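Peer 1: One structure follows; several queries about it will come next.
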Amino acid sequence: MTQYPKNWDSDATGKFIKQEAQEKNREIFEKTHVPINRIKVEENKEFDTWVDPDEQFVDEGTVFDAVINSSRDDSNRLFFVVGESGSGKSELCQWLDYRIQDQADVAAHDEFAHEPILIPRHIREPAEVLEKLTEGIEGHEFENAKYLADLPIEGILRETTGTIINQFDRTQEDTVEFLTSDKFEEKVKENLKEYVQNFADPDESITFEPIEQEELEVFLEEFPHVEHEHEGHDIGPVEYLYKEIKNGATEALKDMLFAGDIKEVLRDIDQAYRDRNRRPVLIIEDLTGFTIYDHQIISFFSDLSTAHFDVIIGVTTGPYRRLIDQRRADLASEDTINDRIRARLSLTKETEDGSKTLFLEQEDIHIDLARNYLRAIKEESDGKFEPPLPEGITPADVDDAFGEGLYPFNESFLTRIYENLQEENVQKQTPRIYLTFVIEELLNNVNPPFEHADKLQQRLGIINNPISSDYTEPDEQVLKWYGYQSGDQYIVDTTIPEVFGIESEGKAPIVNIGVSDFCPECENKIHERGNDWECPHCGYESTRRGEGPTRTETFEDIQNELLAWRRGEADFDRTSKIEAGGQRVIKHFHDAPNSLVRPECRSSQAAYLRWDKGGDRVPIHVDNDDKPRFTQITLSPDISEKILTDLLKLGVWDETSIVAHERNNEIDLERLRDWADSAVEDHRAQLEEEIEEEYDVSLDEIAVFSKYLLNVFSGEGTEFTPESLKTPIDTSKIVSVYGQTDFEGNITRLQDYADLLIGMFHARFHIRKNLVDYDRLEQVIDDLNADSLRNQIGAIEGKFKGLKIGETQTEAIDFDAFLWNKQFNLRKYALDISEYGQSYQSDLEDTHEELLGLYEDVQGFEGNLDFEELEETYSHVDRMGGTFRNHSELSQKDVTETITRLSETVNRLEDSDSVWEFLDAYRTAGLLKYHKPWNETYDSLSNVVTELERLEESADNKIEELESRQFEPDTEQFDSAQEAATQLEAELEDLEKAIQ
Amino acid sequence: MSEANPITERVERIQTKTDRIQKLQDEVKKIAQKQKTADQKNREFEDVRDNIRKVQEQYERLMEWSEYGERMDISMPEPEINALIDNLATDLRSFTSKSFEDFDDDSEVRTLTTTFEDHRTSLSSRTDTVREAVQNTVEDEVDSVERTQTLLQVPDIGDDDAETTCDNYWYHLRQLQRGNLGNTSPKKWEKFNAEYEGLAISLNAYDLSEKSETLIWDLLNDDETVHLSDLDGETLSDLKTFEEFSDIIELRFSTQS
């Protein structure tokens, strides 16, 4: 819908609904003003007439009387009007201004009277303040004064920081260093910028702080010596420094703006008014925005008793305390300002959820306020409906249906708006928000108020709407905004939807309205609401007093949010109760909802395999179109309203047993059971899916690989079939025999963790200890083989936080640690086997050669050789004897068995076509070689064979050596003697030849 | 199991091999004994070799002195020397014609050692004879050279070359005199001897009488004694005329006549 009948102009709304009272002329002000009759008086020295003496409330007329209850010579009197922004301070100030002015106007020329000077909230420039103050007196010109908004920010910054520095002495070097640091200057610049920007916007509250005291304290941690330079004052060094900085900055602003001395101005006003037999009533609408004068104003009116002002100062709640405290700290005597303050008039009060404007607590005042404005606006317009009302509906019908003058709202609508007013998620019920940000906006929007109001969630929060979230008829919104509860239905005058062109029967079902409490003693339902009741069943008396909302209120409050969320109107933020309810239901039906042991598994050997995020608690996530950080059971709006509200009940009445809830027909336990089963099943499935995504391998595959690993290393063979995998293994048969090979797998640790690996397999494939889910196992391994699975396990990466595995809960370790981290590292076995697959052939050949050699060598051996004869051989060869004596008593049975095993092992080695088969075959070889009892016979046989071989070798060597021994005389000396003789002979022959 | 029985077979093999070892060990013992004998014999040949080398050295020394003798025209006992050498050559031939096995044992070798020792002794004796003859001649030559060297000290007699010739010749003669054959050789001796013999030294430059000249030569000869009675007045006047002689000729009283 884009249009609906309007009998007002948009221009008129703007005219009447102004932010500040002063922006309206007196006529408009009078039309819309609603008397402010609930003003709380605090720090009272003036009032003794009350509209509510218990609460010390006065009305605006009493305030007026008090303000003008002063004589010409009375010293200054201060009235503070304190309240949240928009709570009516301007309205009250304006009303007082008009009333005081009226009183002055009727007074005779020389008759004593009070005369108001109103400084509205939007007047913030010091020059404007002075001009406003001096409007009625002569001799004050402020032509040279400058406006802050006109000055360049850099100039303001330089002047300000320069003046701040000059507040200190040149010898205070650390202070000067700090004040000239980039950090300090940046901060001041930032705050100045914000201040100047806000200065021009009357909606923004402004306080001039070059740096806040808390910020200063933090900054000074980096300049630890600065504080030493400001010790010895009455106040602490940080506070002293803060004040000096602020004084410097304020001085700088005064100099820059050339504003003059406000105290002098005030003294002149005092004198001028006295001269006219008038007493000035200075009304400062908002001192918070009073820039550089706030401090001086307070100082003037509290210090100087020579002036004769009645002063009404509006201050926003927070800054009020600061101003007064600051002033008190300035003065030698704290009494001075207290003496001057005649009363503090509060317009708001703090509530648990935020704040509330007091006068709006007057019965139906928000209706009257709206009606006043609507009447004024409609009177300003031509009064015709455009587009026209639907046929058959007259303006009188409209007034009947909506309430006189309230169209397009009704009382229900306005009350809902008022009760839900908030700012930044905190309750803030002020007329300004009520009128400006809701009423005016709704009137000006082309869409009907019930449509547009739904879009004002930021201002209104979630409207209480107990209509069943399953009710999706077009009149749901109209019912929600204009309707009211009647029995178990929500109804509305059918004229209202008709005016907006919406078909409606004027009623809708509601949810859980009137939910009752439970007796904590007998757990029976208590039909009375509130705190005070007595259990009709057991006589238990509720003694609960003022401890926040009752459980029923809490339930209805959260349920409202839940329903809005379910309708898609809002996020569901207060989820702790429904989550707690969800936890209860799930834990009621499932002992271990986070367990990843197959639900059908009843094996006592199954491992503890659990996603332990947050302990035993099942994490529950409420879906607000966001993704949970980790896997959780998700509550989404598409879950039935009944289940969701039942979960909420169980979360709110968490001390009442689930059985009692059911017995009292408060919950549908069967449906909750279905939900819990399905949620846990989905949760587990999701976890398993995420685990598989993370590791790229499923829990089932990990379990299968674990069992296969055990099969191979315990001698159960290398078959990768359901039959072989389901076969139980004897973990004591896992023995470490691979030390002499290149295989690096840690078999000792595998044995240590064997029960855990078996437990993993049981958890995933066993139905009972001795019963395997054969079909499932067959299905899982259908597309797998040992090598592909090994490659998958070997490639595992990723982390899955919270998943634990252990033989028992107390022994549980992180699944990451089980899979690939230090503690167990299943992946390492896969990698070791893969790596060994590249090199095992060498070990295979060596082992085969060794065992085959032995096998061939011991053929026919009966273990009863007479070794004595062989001992004779040792006396002829270079070898120690005696070896055979150790083996002379070999049992024939042992020898025969060992030879048989040897034969089998050799055959298995010969048949080994894969690393798995070799590891399996080598295990048998290893047992023969290294493990009792086989190794003793094996060693004996091996040693006999080896020794015989070596003895024969030694004999051969000996024979060779002896055969090589021949008579070969050494004739070296003979040869050399003959050589000498030959040489001499030749010499003699030469001589003979020479002689011849 | 009637199939092969590797262990039994191996044990049998080992036993067979053990028997073989025992046999071989007996043989080796015998070889060792033979070896021992041969080693002893062989070791004895070391002395044979040493003695042959000494004979060779002695023979070479004899030949060298003999060569000096020949060049100095000294008469040599050649028949004796030749007989020695013939005997030596015969024994050498006898030895070199035999094999190691031709010697039965070490005592046989020791006989051979003695044979060559005898040869060396004979050669040595003959060498001494020749050496002494040569060294006698050398001694005369040394006297001659030394006289010449004295004369050469007289101014205007001889020259530097003559002095060098005398020095060289004298050096080699002295080596022979001391038996230092390593620092000279027959060829060198012959060369320096020829140079020395070629020197023409006269006293003509002093215009002396023949008597005076003879007297001076006699004075230069250490073996010659000149008595005052041998000097006549003319000779004395001659000698006194010349300052060089008058200052170096010294008169000495002798009680022997």
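The values are calculated or read from the model by the stated rules, or taken from the named source; none is laboratory data. Bear in mind the structure is a predicted one, so any value in this text is a computation, not a measurement. Cβ sites come from the backbone with ideal geometry, for glycine too, and all protein chains shown count toward neighbours. Quick note on the areas: whole protein, heavy atoms, side chains included, nothing else; ligands and nucleic acids left out. Shrake-Rupley method; radii C 1.70, N 1.55, O 1.52, S 1.80 Å.
Peer 1: Answer rounded, prolate or oblate for the stretch A:536-589, using the Cα gyration tensor with square roots of eigenvalues a ≥ b ≥ c: rounded when a/c is under 1.5, else prolate when a/b is larger than b/c, else oblate.
Peer 2: Cα axes put the stretch A:536-589 in the oblate bin.
Peer 1: If you don't mind, another one. For the stretch A:651-805, compute Rh as the Kirkwood radius over C-alpha pairs and then the Stokes-Einstein diffusion coefficient at 25 °C and 0.890 mPa s; write the answer in µm²/s, rounded to an integer.
Peer 2: 134
Peer 1: Equivalent ellipsoid semi-axes for the stretch A:664-733, as square roots of 5 times the alpha carbon gyration tensor eigenvalues: give them largest first, rounded to whole Å.
Peer 2: 40, 16, 9
Peer 1: Need one number: the % of Cα-Cα pairs in chain A sitting beyond the 41 Å mark.
Peer 2: Every Cα pair in chain A considered, those over 41 Å come to 66 percent.
Peer 1: Within the stretch A:780-822, which GluC sites (Glu not before Pro) sit in a loop by DSSP and count at most 11 neighbouring Cβ atoms inside 10 Å?
Peer 2: A:Glu797
Peer 1: Can you pull the Rg over Rh of the stretch B:51-170, Cα-only, Kirkwood?
Peer 2: Radius of gyration relative to Kirkwood radius: 1.26.
Peer 1: Compute the Rg/Rh shape ratio of chain B: radius of gyration over Kirkwood radius, all on alpha-carbon atoms.
Peer 2: We get a ratio of 1.45 for chain B.
Peer 1: Please go through the residue pairs A:Lys89/A:Lys246; A:Lys193/A:Lys455; A:Lys929/B:Lys17; A:Lys993/B:Lys54 and name each one whose alpha carbons sit more than 25 Å apart in this structure.
Peer 2: From the list (A:Lys89/A:Lys246; A:Lys193/A:Lys455; A:Lys929/B:Lys17; A:Lys993/B:Lys54), the Cα-Cα distance tops 25 Å for A:Lys89/A:Lys246; A:Lys193/A:Lys455; A:Lys929/B:Lys17.
Peer 1: Pairs of Cα atoms under 8 Å, at least six residues apart: use those to get the relative contact order of chain B, whole percent.
Peer 2: It rounds to 18 percent for chain B.
Peer 1: Another question, then. Taking a ≥ b ≥ c as the square roots of the eigenvalues of the Cα gyration tensor of the stretch A:909-964, is the shape rounded (a/c under 1.5), prolate (a/b larger than b/c) or oblate? Kindly include the intermediate steps, with their values, before the conclusion.
Peer 2: Working: a/c = 6.35, a/b = 2.22, b/c = 2.86.
It comes out oblate by the Cα gyration axes.
Peer 1: Follow-up question, since we're still on this one. So what's the projected area for the stretch A:1-84, the Cα convex hull averaged over all directions, in nm²? Walk me through the intermediate numbers first.
Peer 2: Values: hull surface 38.0 nm².
For the stretch A:1-84, the mean projected area of the Cα convex hull comes to 9.5 nm².
Peer 1: Restricting to bridges with both residues inside the protein assembly as shown, how much of the DSSP beta-bridge set is antiparallel, in percent to the nearest 5? Write down the numbers at each step before the final one.
Peer 2: On the way: 31 of 60 bridges.
DSSP beta bridges in the protein assembly as shown are roughly 50 percent antiparallel.
Peer 1: Every cysteine in chain A with no other Cys Cβ under 4.7 Å from its Cβ, please list them in numeric order.
Peer 2: A:Cys93, A:Cys601
Peer 1: Counting C-alpha atoms alone, how compact is the stretch A:1-145: give Rg to one decimal and Dmax as a whole number, in angstrom.
Peer 2: Computed over the Cα atoms of the stretch A:1-145, radius of gyration and Dmax are 18.8, 66 Å.
Peer 1: Please calculate how many Å² of accessible area chain A carries per residue, with a 1.4 Å probe and no DNA, RNA or ligand atoms counted.
Peer 2: On the way: 45350 Å² over 996 residues.
Here the per-residue accessible area is 46 Å².
Peer 1: May I ask you to derive the relative contact order of the stretch A:1-112, considering only C-alpha pairs under 8 Å and at least 6 residues apart, and to give it as an integer percent?
Peer 2: RCO, the stretch A:1-112: 22 percent.
Peer 1: Mind checking the dipole of chain A: about its Cα centre, +1 per Lys or Arg Cβ, -1 per Asp or Glu Cβ, Debye to the nearest 20?
Peer 2: 5560
Peer 1: Any idea what the relative contact order of the stretch A:630-733 is, in percent, if you count C-alpha pairs under 8 Å spaced at least 6 apart?
Peer 2: It rounds to 19 percent for the stretch A:630-733.
Peer 1: For chain A, which whole-number percentage of the solvent-accessible area (1.4 Å probe, protein heavy atoms only) is attributable to carbon and sulfur atoms?
Peer 2: Working: 18460 of 45350 Å².
Accessible surface attributable to carbon and sulfur in chain A totals 41 percent.
Peer 1: Still on this model: Mind checking the log10 I(q)/I(0) for the stretch A:35-79 at q = 0.28, 0.29 Å⁻¹? Debye, one equal scatterer per Cα, no solvent, two decimals.
Peer 2: For the stretch A:35-79 at q = 0.28, 0.29 Å⁻¹, log10 I(q)/I(0) is -1.06, -1.11.
Peer 1: Still on this structure, please answer the following. What net charge is computed for the residues neighbouring A:Ile959, neighbours being all others with C-beta under 9 Å from the C-beta of A:Ile959, Lys and Arg scored +1, Asp and Glu -1?
Peer 2: With Lys, Arg at +1 and Asp, Glu at -1, the neighbours total -1.
Peer 1: Along the stretch B:185-198, what does the Karplus equation 6.51 cos²θ - 1.76 cosθ + 1.60 (θ = phi - 60°) give for ³J(HN,Hα), rounded to whole Hz, x for Gly and Pro?
Peer 2: With the stated coefficients, the stretch B:185-198 comes to 7, x, 5, 5, 4, 4, 5, 5, 5, 5, 4, 5, 5, x Hz.
Peer 1: Once the dipole of the protein assembly as shown is set up with Lys and Arg at +1 and Asp and Glu at -1 on Cβ about the Cα centre, which of A:Asn420, A:Val680, A:His590 lies farthest towards its positive end?
Peer 2: Projecting each Cα onto the dipole axis, the largest value belongs to A:Asn420.
Peer 1: Separation of the stretch B:1-78 and the stretch A:379-433 by C-alpha centroid, Å?
Peer 2: With the stretch B:1-78 and the stretch A:379-433 each reduced to a Cα centre, they are spaced 143 Å.
Peer 1: Net charge within 13 Å of B:Ala194 by Cβ-Cβ distance, Lys/Arg positive one each and Asp/Glu negative one each, not counting B:Ala194 itself?
Peer 2: On the way: positive: B:Arg71, B:Lys187, B:Lys188, B:Lys191; negative: B:Glu141, B:Glu190, B:Glu195, B:Glu197.
Value of the local net charge: 0.
Peer 1: With springs only between Cα atoms under 10 Å apart, run a GNM on chain B and tell me which of B:Glu117, B:Glu27, B:Glu197 wobbles the most.
Peer 2: The residue with the greatest mean-square fluctuation here is B:Glu27.
Peer 1: Once you charge only the Cβ atoms, +1 for Lys and Arg and -1 for Asp and Glu, what is the size of the charge dipole of the stretch B:100-211 about its Cα centre, to the nearest 20 debye?
Peer 2: 300
Peer 1: Right, next: Net charge near A:Ala108, counting Lys/Arg +1 and Asp/Glu -1 over other residues with Cβ under 14 Å of its Cβ?
Peer 2: My count for the surroundings of A:Ala108 gives -2.
Peer 1: For the stretch A:416-491, which GluC sites (Glu not before Pro) are both in a DSSP coil and crowded by at most 12 other Cβ atoms within 10 Å?
Peer 2: Qualifying residues, ordered by number: A:Glu424.
Peer 1: A further question on this structure: Please state the charge dipole magnitude for the stretch A:1-120, taken about the Cα centre, from unit charges on C-beta atoms (+1 on K and R, -1 on D and E), reported in debye and rounded to the nearest 20.
Peer 2: Working: 13 positive and 26 negative charges, 120 e Å.
The dipole magnitude comes to about 580 debye.
Peer 1: Right, next: I'd like to know which of A:Tyr434, A:Asn76, A:Trp934 lies farthest towards the positive end of the charge dipole of chain A, counting +1 on Cβ of Lys and Arg and -1 on Cβ of Asp and Glu.
Peer 2: Highest projection toward the positive end goes to A:Asn76.
Peer 1: Taking the 0 to 90 degree range and rounding to the nearest ten, how far is the long axis of helix A:972-995 tilted relative to the main principal axis of chain A, both from C-alpha atoms?
Peer 2: Roughly 70 degrees, rounded to the nearest 10.
Peer 1: Taking N as the number of residues in the stretch A:577-673, what is its alpha-carbon radius of gyration divided by 2.2 N^0.38 Å?
Peer 2: Cα Rg divided by the expected 2.2 N^0.38 Å: 1.17.
Peer 1: Additional query: Name the most mobile residue of B:Trp189, B:Trp170, B:Trp217, meaning the one with the largest mean-square fluctuation, in a Gaussian network model of chain B with Cα contacts below 10 Å.
Peer 2: Evaluated over chain B, the most mobile residue of the options is B:Trp217.
Peer 1: Which shape class, rounded, prolate or oblate, goes with the stretch B:1-100 when its Cα gyration tensor gives a ≥ b ≥ c as root eigenvalues, a/c under 1.5 marks rounded, and past that a/b bigger than b/c marks prolate?
Peer 2: Working: a/c = 6.80, a/b = 5.84, b/c = 1.16.
In terms of gyration-tensor shape, prolate.
Peer 1: Nearest 100 Å² is fine: what is the total accessible surface buried where chains A and B meet, probe 1.4 Å?
Peer 2: Buried area between the two chains comes out at roughly 4300 Å².
Peer 1: No solvent, one uniform scatterer per C-alpha: report log10 I(q)/I(0) for the stretch A:212-259 via the Debye equation at q = 0.16, 0.18, 0.23, 0.33 1/Å, two decimals.
Peer 2: Relative scattering, expressed as log10 I(q)/I(0), comes to -0.50, -0.60, -0.81, -1.18.
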